[in-house]
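Engineer: There's a structure below that I have some questions on.
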Amino acid sequence: MEVNGLFTPGEFDRWAENYDSEVERGQGLPFEGYAGVLERVFQRAGVRPGLSVLDLGCGTGNLTARFVQAGCRVWGSDFSAEMLKIARRKVPGARFFQHQLGNPLPADVPQHYARMVSAYVFHHFDQAGKIALLTHLRNHLEPGGWIVIGDIAFPNAEARQQAKQAAADAWDEEPYWLVEDDLPALRAAGFQAAFEPVSFCAGVFLIQPEMA
């Protein structure tokens, strides 16, 4: 399966050193409410000790750390070697591996997880890419498992346009989630899906395969 995003590993390698300082400010686009988004992803995952969790596009491990601290068995994947170096240093209790989202999971990591989580990753893919990735990933969920995604998202095209105008030169043109369009698309693809806003530009998707 091949799904192309907007960026290359090298671009994120160059960002790695400054990533945490940028996201932790949590002000304005694109990271308004960043800490709240991560915390809500954690809450919506319904964690318990021993739960198997895969953090997709884990970056420097900010979301991963929450699950490790809760006693989960956690794996983190990212396509950036430099991001993973920082994650391994910050979160020694997780298992990290380099991986391009959409490619088969490496044979030496578990192939099924009770939860898959992700923060600020899926907006790099257009709607068809998002659906394709989730369709692929549901094959790696344990029965009864689900996916929780925190990301840049707007309720509709009008809200997106307003944010773009307010951001002016700070706006990056990416295929951000549009809730009014993407929720129906997820449901048409066989998922139960709900969205909870956290800030004006971000929120959390709870996604679960429809039961056969």
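Engineer: Hey, GLU210 hits all of (1) buried (at least 17 other Cβ atoms within 10 Å of the Cβ); (2) touching a Gly at 6+ places or on another chain (Cβ under 6 Å) but one; which does it fall short on?
Structural biologist: All conditions pass for GLU210, except number (1).
Engineer: Examine the stretch 38-47 for a residue that is more than 13 Å from ARG115 (Cβ to Cβ), modelled with pLDDT of 95 or more and open to solvent by less than 40 Å² (accessible area, probe 1.4 Å), and state whether such a residue exists.
Structural biologist: Taking every residue of the stretch 38-47 in turn, at least one turns out to be more than 13 Å from ARG115 (Cβ to Cβ), modelled with pLDDT of 95 or more and open to solvent by less than 40 Å² (accessible area, probe 1.4 Å).
Engineer: Looking at the stretch 22-37, which of the residues that are over 12 Å from ALA119 (Cα atoms) and assigned to a helix (DSSP H, G or I) is most open to solvent (accessible area, probe 1.4 Å)?
Structural biologist: Looking at the filtered set, the residue picked out is ARG25.
Engineer: Report yes if ARG115 is within 24 Å of VAL23 (Cβ to Cβ), of a type in the set (Lys, Arg) and over 16 Å from the mean Cα position of the chain (by Cα), otherwise no.
Structural biologist: Spelling it out, it is not the case that ARG115 is within 24 Å of VAL23 (Cβ to Cβ), of a type in the set (Lys, Arg) and over 16 Å from the mean Cα position of the chain (by Cα).
Engineer: Scan the stretch 104-112 and give yes if some residue there is over 22 Å from GLY59 (Cβ atoms), open to solvent by less than 60 Å² (accessible area, probe 1.4 Å) and of a type outside the set (D, E, K, R), otherwise no.
Structural biologist: The answer is no; no qualifying residue exists.
Engineer: Report, by residue number, each residue of the stretch 52-101 that is under 14 Å from PHE12 (Cα atoms), part of a strand (DSSP E or B), touching a Phe, Trp or Tyr at 6+ places or on another chain (Cβ under 7 Å) and open to solvent by less than 40 Å² (accessible area, probe 1.4 Å).
Structural biologist: Within the stretch 52-101, just SER77 meets the criteria.
Engineer: Have a look at ALA194, ALA185, ALA202 and point out the one that is small (Gly, Ala, Ser), within 27 Å of GLY46 (Cβ to Cβ) and open to solvent by less than 10 Å² (accessible area, probe 1.4 Å).
Structural biologist: None of the other options fit; the residue is ALA202.
Engineer: In addition: Search the stretch 167-182 for residues being assigned to a helix (DSSP H, G or I) and either under 23 Å from ASN62 (Cβ atoms) or at pLDDT below 95 (or both), and hand back the single one that is least open to solvent (accessible area, probe 1.4 Å).
Structural biologist: So, considering only residues that are assigned to a helix (DSSP H, G or I) and either under 23 Å from ASN62 (Cβ atoms) or at pLDDT below 95 (or both), the one least open to solvent (accessible area, probe 1.4 Å) is ALA167.
Engineer: Something else: Does ARG66 satisfy the condition of being within 24 Å of ALA35 (Cβ to Cβ) and among the basic types (Lys, Arg)?
Structural biologist: yes
The values are calculated or read from the model by the stated rules, or taken from the named source; none is laboratory data. On a predicted model such as this, the values are computed, not experimentally measured, just so you know. Here the Cβ is made from the backbone with ideal geometry for all residues, glycine too, and neighbour counts use every protein chain on show. Remember, those area values only see protein heavy atoms, side chains included, never the ligands or the DNA or RNA. Shrake-Rupley method; radii C 1.70, N 1.55, O 1.52, S 1.80 Å.
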